[in-house]
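Worksheet for the structure shown next.
What follows draws every value from the coordinates through simple rules; no lab data is involved. In this text the structure is predicted, and so the values were computed from the model without any measurement. Note that each Cβ is placed from the backbone with ideal geometry, even for glycine, and that neighbours are counted across all protein chains shown.
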Amino acid sequence: MGDVVPETKESEMLKIYGVPISVHTRKVVVAAIEKRIPYQNEPVIPFNPPAGWAELSPTGKIPVMADGDFVLQDSSVICTYLERTYPAHPLYPQGTRDHVRALWFEEYADGTVFREIIHGLFFQKIIRPNILKLATDAGVIDGILDKAVPTVFGYLERSLTGDHLAGDRFGIADVATMSNLINFHYLGYQIDPDFYPKLAVYFEAQLRHPSIRTALAAEQTVAASMGLDQAFARDLAAA
Ligand SMILES: N[C@@H](CCC(=O)N[C@@H](CS)C(=O)NCC(=O)O)C(=O)O
């Protein structure tokens, strides 16, 4: 990525707790990479957390960040902290309208895109069969694909008026949205270019953004161990 990153001892590195294929953990990982902040990942799985996890994560959710003895929860709060503490390579646009538009898409991605689509698909296709040893409910999956996907992807399609969702450069709105779209692909789905042409092009372009590629490379082993579909990322290493 061009910049020389000063060497940081492992013990002094920012710690990001959370398995990196989680939508909200990846968001913080990409933010750290984009901002050239050395970090160490502790791949906590919320369904099987380590002892003392409740002390770090009062909600039980991932991610959690520790910068020395300063511990913080929630991906949006953590990204705000990173932006203010490490202002180089900004992720939030300066101008008020672009800035609040970025906050809106960060919220829409973390909340609506995740809750309405990714959470349900991931729960049905990965968590239920592999972790809870319960059958997948195909009706729930069909409902998400038939109702939530057209609503959410249709809105994103209409919102894309340029290369980025907010402002004119890669930023937090793209990080948060892409993190969801990546998991959609990991689950074996694609963005249909006939219905969502701008969103499909946007996904392919942002996938090639250096910090996204670096984050995906770092999570390859975990993704493979969970049987996730990595076909969408196959060309990236060579790109
Ligand atoms: N608002 C939180 C949401 C975090 C979240 O929902 N994390 C998911 C994984 S992507 C989780 O920990 N799920 C497990 C659970 O709900 O117990 C954030 O932005 O960090």
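Here the mean projected area of the convex hull built on the C-alpha positions of the range 96-233 is 8.2 nm². Of the trypsin sites (Lys or Arg not before Pro) found in the range 108-216, those that fall in a DSSP loop while having at most 10 other beta-carbon atoms within 10 Å are Lys133. Using a Debye calculation, one point per C-alpha and no hydration shell, please list log10 I(q)/I(0) for the range 10-85 at q = 0.11, 0.23 Å⁻¹ in order. For the range 10-85, the Cα-only Debye profile gives -0.22, -1.04.
Note on the chain: helix-only mean residue ellipticity at 222 nm, from DSSP H runs of 4+ residues weighted -39500 (n - 2.57) and normalised by residue number, equals -12000 deg cm²/dmol. Contact order, relative form, for the chain: 21 percent (alpha carbon pairs under 8 Å, 6 or more residues apart, mean separation divided by residue count).
Protection proxy ranking, highest mean first, for peptides 183-193, 135-145: 183-193, 135-145, where packing is the per-residue count of other beta-carbon atoms within 10 Å, averaged.
Kindly state, to the nearest 0.05, the FRET efficiency for Lys147 paired with Leu236, given R0 = 41 Å and r defined as their beta-carbon distance. Using R0 = 41 Å, I get an efficiency of 0.85. Looking at the range 37-90, the chymotrypsin sites (Phe, Trp or Tyr not before Pro) that sit in a DSSP loop and have at most 11 other Cβ atoms within 10 Å of their own Cβ are Phe47.
Relative to the 2.2 N^0.38 Å rule of thumb, the chain has a C-alpha radius of gyration ratio of 0.99.
Rounded to the nearest 0.05, the FRET efficiency derived from the C-beta distance between Ile131 and Val100 at R0 = 45 Å is 0.75.
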